[in-house]
Amino acid sequence: IKKQQQDVLGFLEANKIEFEEKDIAANEENRKWMRENVPEDSRPASGNPLPPRLFNDSRYLGDYNAFFEARENNAVYAFLGLTAPPGSKVGEPLPHREP
């Protein structure tokens, strides 16, 4: 979990994307907020959803796997619901490939 959190934070910091980190380990209110705002279909079959979970305000975006997939597809800005900065490779459509 810690490695995934560091991966997300590192990416956001490196790309100067503003974010607010919410510690759910030390803050019961943050933990409750996350549990209530992760959609039912994105929760594990048993137990509570584990971090990292990404939100844009209160809109749930996804977990680490969804973030990782968006990053691999150069679609992180779209995943985050943000406009990619001019000249940014992250967020541009993938080049068309012939089958």
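The values are calculated or read from the model by the stated rules, or taken from the named source; none is laboratory data. Being a predicted model, the structure only gives us computed values, none of them experimental. No Cβ is skipped: glycine too gets one built from the backbone with ideal geometry, and neighbour counts run over all protein chains shown. Quick note on the areas: whole protein, heavy atoms, side chains included, nothing else; ligands and nucleic acids left out. Shrake-Rupley method; radii C 1.70, N 1.55, O 1.52, S 1.80 Å.
Laid out as a table, the results:
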quantity: Residue list for segment 44-76, restricted to those being assigned to a strand (DSSP E or B) and either over 16 Å from LEU12 (Cα atoms) or in contact with a Ser or Thr (Cβ under 6 Å, 6 or more places away or on another chain) (or both); calculated: ARG59, TYR60
quantity: Scan of segment 1-36 for residues that are polar (S, T, N, Q) and part of a helix (DSSP H, G or I), ordered by number; calculated: GLN4, GLN5, GLN6, ASN30
quantity: Which listed residue is open to solvent by 70 Å² or more (accessible area, probe 1.4 Å), over 15 Å from the mean Cα position of the chain (by Cα) and modelled with pLDDT of 95 or more, from GLU36, GLU29, GLU13; calculated: GLU29
quantity: Inter-residue pairs, beta-carbon under 7 Å, first free of Cβ contacts under 8 Å to residues at least 12 places away in the same chain and in segment 8-33, second of a type in the set (Phe, Trp, Tyr), 6+ apart; calculated: LEU12/PHE19
quantity: Only one of SER58, SER42 that is open to solvent by less than 60 Å² (accessible area, probe 1.4 Å), under 15 Å from the mean Cα position of the chain (by Cα) and within 24 Å of LEU82 (Cα to Cα); calculated: SER42
quantity: Check on ARG71, surrounded by fewer than 17 Cβ atoms within 10 Å (Cβ to Cβ) and of a type outside the set (Val, Ile, Thr); calculated: yes
